[in-house]
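Take a look at the structure below.
The values are calculated or read from the model by the stated rules, or taken from the named source; none is laboratory data. Only a predicted model underlies this, so the values are computations on that prediction, with no experimental measurement involved. Ideal geometry is used to build each Cβ from the backbone, glycine not excepted, and the neighbour counts take in all protein chains shown.
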Amino acid sequence: MRCPYCGSNDDKVIESRMLANGRATRRRRLCDGCGARFTSYERIEEKPFMVIKRDGRREPFDRRKIELGLDRAIQKRPVSQMAIERLVNEVEDQVVSGVERECPAQLIGEMILQKLGELDKVAYIRFASVCRHYESLDEFVKEIRKLGVNHDRKSRKKVS
């Protein structure tokens, strides 16, 4: 495996873990060239799992889309990359382990929101604002209130 940091082809596997009910293997590697650690994934190629988009189109499941959406949601938030990787792995396991080979994108979004709500409330709201397509400010405020976030105008200091 080529090191993403120095390009060396010499590395050792320091940990392997099965994911997605044995359909994938995650390997932590240590580069002999520069000493950097990196992760690789091995997956069996099979008929792609399809995601049903809001407009009815179908496209192959792509975990990178989830990672990109989460990266935007956690931007400048105190959430570790390891926590996000764990969340993505859990959602992927949950989605692709079913018998059905298709899943609505909305259901995947709700799975992510459930886990993200436990991780970081601000990231949850950011992700929900894209995922749920709020039609009005009132809907957005209701979502914030469901999280138990209090917004009291009197407690804020006025800036002169």
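Criterion applied to 53, 47 was being surrounded by 10 or more Cβ atoms within 10 Å (Cβ to Cβ) and over 16 Å from residue 86 (Cα atoms), and the one residue passing it is 53.
Find the residue count for region 2-17, including only residues that are of a type in the set (Val, Ile, Thr) and in a loop (DSSP other than H, G, I, E, B).
Looking only at region 2-17, we keep the residues that are of a type in the set (Val, Ile, Thr), and these are 13-14.
Filter again for in a loop (DSSP other than H, G, I, E, B), leaving none.
The number of residues fulfilling the criteria is 0.
For region 126-146, the set of residues classified as closer than 26 Å to residue 57 by Cα and assigned to a helix (DSSP H, G or I) consists of 126, 127, 128, 129, 130, 131, listed by residue number.
Residue by residue, here is whether (1) within 24 Å of residue 133 (Cα to Cα); (2) hydrophobic (A, V, I, L, M, F, W, C); (3) in contact (Cβ under 8 Å) with a residue 24 or more places away in the chain holds:
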residue: 13; (1), (2), (3): no, yes, no
residue: 28; (1), (2), (3): no, no, no
residue: 38; (1), (2), (3): no, yes, yes
residue: 58; (1), (2), (3): yes, no, yes
residue: 73; (1), (2), (3): yes, yes, yes
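Taking the numbered list (1) surrounded by 11 or more Cβ atoms within 10 Å (Cβ to Cβ); (2) over 25 Å from the mean Cα position of the chain (by Cα) in turn, residue 35 passes all entries but (1). Please indicate, with yes or no, whether at least one residue in region 112-123 is modelled with pLDDT of 90 or more, under 11 Å from the mean Cα position of the chain (by Cα), surrounded by fewer than 12 Cβ atoms within 10 Å (Cβ to Cβ) and not polar (S, T, N, Q). Within region 112-123, none of the residues are modelled with pLDDT of 90 or more, under 11 Å from the mean Cα position of the chain (by Cα), surrounded by fewer than 12 Cβ atoms within 10 Å (Cβ to Cβ) and not polar (S, T, N, Q).
Here is the figure for region 76-112: residues that are among the polar types (S, T, N, Q) and without any contact (Cβ under 8 Å) to a residue 24 or more places away in the chain total 3.
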